[in-house]
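*Asks:* First the structure, then my questions, so here it is.
Since every read-out is calculated from the coordinates, none of them should be taken as a lab result. These numbers were taken from a predicted model, which means no experiment stands behind them. All Cβ positions, glycine included, derive from the backbone under ideal geometry; neighbour counts span all protein chains shown.
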Ligand code: ADP
């Protein structure tokens with residue numbers, strides 16, 4: 001994916017730049033509808049019903065808002081430190097502002113901590129602080145909405161993020177302190193918003209109207225420029241702000257009315273909303289990131305495994321021809337070392353070295369072809385001939401280990417379409433495993449190979465030995481890459497054989513043979529020219545060769 005100029009790599013994981021999903025949009029709409037429903041229920045005559053002042057309400061509400069908005073501010077500042085966008089800095093400061101202004105608002109509220117409020121507050125102080133708060137926050141939101149689409153390349157530099165955060169906190173705190181000081185100091189001079197500690201004056205709707213207008217402007221601006229999850233939820237918050245104002249102001253502006261209490265509740269709920277959404281989104285993104293990280297780790301491990309498997313395959317496959325080359329070279333040297341060198345025999349040994357060398361090259365090509373599917377051309381061949389050829393290749397080893405070979409084949413065997421070198425690799429692997437298994441056996445050593453026509457029309461080959469046999473518990477594990485019970489084994493033989501056979505539309509499996517050695521079988525479809533039926537039909541419509549066929553995937 002190409003990077004978008006000015007965009008940060010991690011932007012897709014940041015809430016303020018993440019586009020809202022349809023569910024989030026629906027949820028936001030549902031919340032607005034609930035708020036409106038609440039508004040219509042409480043608005044009207046019910047709104048002005050005067051209730052008793054609940055002493056603990058204001059401090060509890062203010063403390064909850066303080067905690068809520070502080071956490072939101074911290075989370076937004078954290079997002080700013082990643083994205084470094086000025087818009088995010090504005091909205092983080094906005095939440096810090098609402099959190100901080102709660103303190104003087106609560107302390108100066110008449111009858112909460114002192115009958116006339118603390119900090120030397122006058123009658124008008126709390127109401128004006130409320131207006132500062134409700135005009136201040138939408139102003140921060142407007143700043144956010146205005147800045148958010150500015151050239152994203154113009155970010156705060158990474159090195160100054162910390163300093164900028166500290167500076168914003170200091171400025172916001174100073175602004176709150178200054179506003180508090182000014183409002184308290186000029187209390188007697190300020191237009192009267194309060195008639196007494198409960199009733200609001202006729203000026204109040206104008207002040208509240210001004211603050212609501214700011215909230216509405218923020219709402220419209222956000223709506224026009226909405227793009228992210230954060231924009232969406234700020235729209236909801238702005239709706240709640242307007243509803244709160246209207247509930248407090250109409251029809252009778254007074255404290256402790258149903259509308260006043262309901263307005264607080266809506267205000268608090270809207271404050272919580274952004275926090276909940278932030279927390280939910282951050283957790284979801286964290287899980288997504290964690291999953292992505294784990295997937296990346298698994299992919300890296302798989303790649304390592306493949307690299308491991310490729311190198312092990314090459315090692316495994318060239319080991320046999322290399323050993324043959326060494327044996328032939330040693331024989332050649334011995335033949336030349338004699339008093340009268342046996343030149344003819346030596347020549348034969350060297351020819352075999354050449355043949356083995358060529359075969360090694362082909363084997364390597366074969367392994368590469370296995371990882372590059374269909375890279376090799378397949379030819380129509382007679383399995384029985386290939387089988388004899390491979391046994392001839394291993395004749396020396398079979399003789400040295402005193403192993404007798406019994407070959408049985410059906411008179412007429414259909415040809416199969418296969419890669420000659422790859423199929424020979426399968427035979428070599430099966431035979432060398434059988435040889436290894438019988439090497440430690442004192443009893444009769446017999447390698448049995450049968451090739452027959454299978455009921456499906458394909459060719460089934462069975463390789464049986466009188467060796468140690470396979471532990472039934474390990475029957476399904478022996479096909480796993482890197483599984484070996486041999487001290488010098490690589491555990492790649494079977495996994496390579498199975499890949500080769502399956503690449504030829506066949507199947508390879510082990511048959512439980514009791515304690516008398518092991519049997520491995522593979523089935524290959526006949527060449528289409530020999531049998532007109534489709535391979536898949538042939539492989540699927542026949543009963544299993546052996547009821548105890550094991551180790552198949
Ligand atoms: P490797 O030969 O390097 O161990 P393979 O994948 O060819 O790798 O074989 C995996 C394991 O299967 C062997 O280590 C051995 O335990 C078991 N095995 C394979 N062939 C035979 C056999 N003919 N008789 C008994 N065990 C066998």
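*Asks:* For each of 497, 177, count neighbouring Cβ atoms within 10 Å of the residue's Cβ, then give the residues from fewest to most.
*Replies:* Ranking 497, 177 by Cβ neighbours within 10 Å, fewest first, gives 177, 497.
*Asks:* Can you list, largest first and rounded to whole Å, the semi-axes you get for the chain by taking the square root of 5 times each eigenvalue of its Cα gyration tensor?
*Replies:* 88, 25, 20
*Asks:* Which shape class applies to region 144-239: rounded if a/c is under 1.5, otherwise prolate when a/b exceeds b/c and oblate if not, where a ≥ b ≥ c are the square roots of the Cα gyration tensor eigenvalues?
*Replies:* Here region 144-239 falls in the oblate category.
*Asks:* Hey, another quick one. Which of rounded, prolate or oblate describes region 8-123 when judged by the alpha-carbon gyration tensor and an a/c cut-off of 1.5?
*Replies:* In terms of gyration-tensor shape, oblate.
*Asks:* Taking the number of other C-beta atoms within 10 Å as the exposure measure, put 42, 98, 468, 485 in order starting with the fewest.
*Replies:* Going from least to most buried by this count: 485, 468, 42, 98.
*Asks:* For residue 198 and residue 166, compute 0.36 nm times the residue count separating them, minus their Cα-Cα distance, and round to one decimal in nm.
*Replies:* 7.6 nm
*Asks:* A follow-up question, please. Rounded to the nearest 0.05, what FRET efficiency is calculated for residue 26 and residue 487 with R0 set to 51 Å and r the Cβ-Cβ distance?
*Replies:* It comes to 0.20.
*Asks:* According to the square roots a ≥ b ≥ c of the eigenvalues of the Cα gyration tensor, what is the shape class of region 353-505, taking rounded for a/c under 1.5, prolate for a/b larger than b/c otherwise, and oblate for the remainder?
*Replies:* Rounded is the answer for region 353-505, as its axis ratio a/c remains below 1.5.
*Asks:* Alpha carbon centre of region 374-445 versus region 484-502: separation in Å?
*Replies:* Spelled out, the Cα-based centre of one part sits 16 Å from the other.
*Asks:* Mean separation of Cα pairs under 8 Å and 6+ residues apart, divided by the residue count of region 191-347: what relative contact order is that in percent?
*Replies:* Worked out over region 191-347, it gives 15 percent.
*Asks:* Treat the count of other C-beta atoms within 10 Å as a stand-in for reagent exposure and order 85, 48 from fewest to most.
*Replies:* In increasing order of surrounding Cβ atoms, one gets 48, 85.
*Asks:* How tilted is helix 57-83 with respect to the longest principal axis of the chain? Cα atoms for both, answer in degrees (0 to 90, nearest 10).
*Replies:* 50
*Asks:* If you don't mind, there's one more thing I want to ask. If I model a spin label at residue 350 and residue 252 as a point 7 Å from the Cα along the Cα→Cβ vector, what separation in nanometres do I get?
*Replies:* Label at residue 350, label at residue 252, 12.1 nm between them.
*Asks:* Still on this structure, please answer the following. What's the angle, to the nearest 10 degrees (0 to 90), between helix 86-107's Cα axis and the longest principal axis of the chain?
*Replies:* Roughly 50 degrees, rounded to the nearest 10.
*Asks:* So, one more: Working out 0.36 nm times the residue gap between residue 284 and residue 33, then minus their Cα-Cα distance, what length gain in nm do you get to one decimal?
*Replies:* Gain in length upon complete extension: 87.8 nm.
*Asks:* For residue 19 and residue 336 in one chain, what is 0.36 nm times their gap in residues minus the Cα-Cα distance, to one decimal in nm?
*Replies:* 106.0 nm
*Asks:* Can you tell me the 0 to 90 degree angle between the C-alpha axis of helix 383-393 and the longest principal axis of the chain, rounded to 10?
*Replies:* 80
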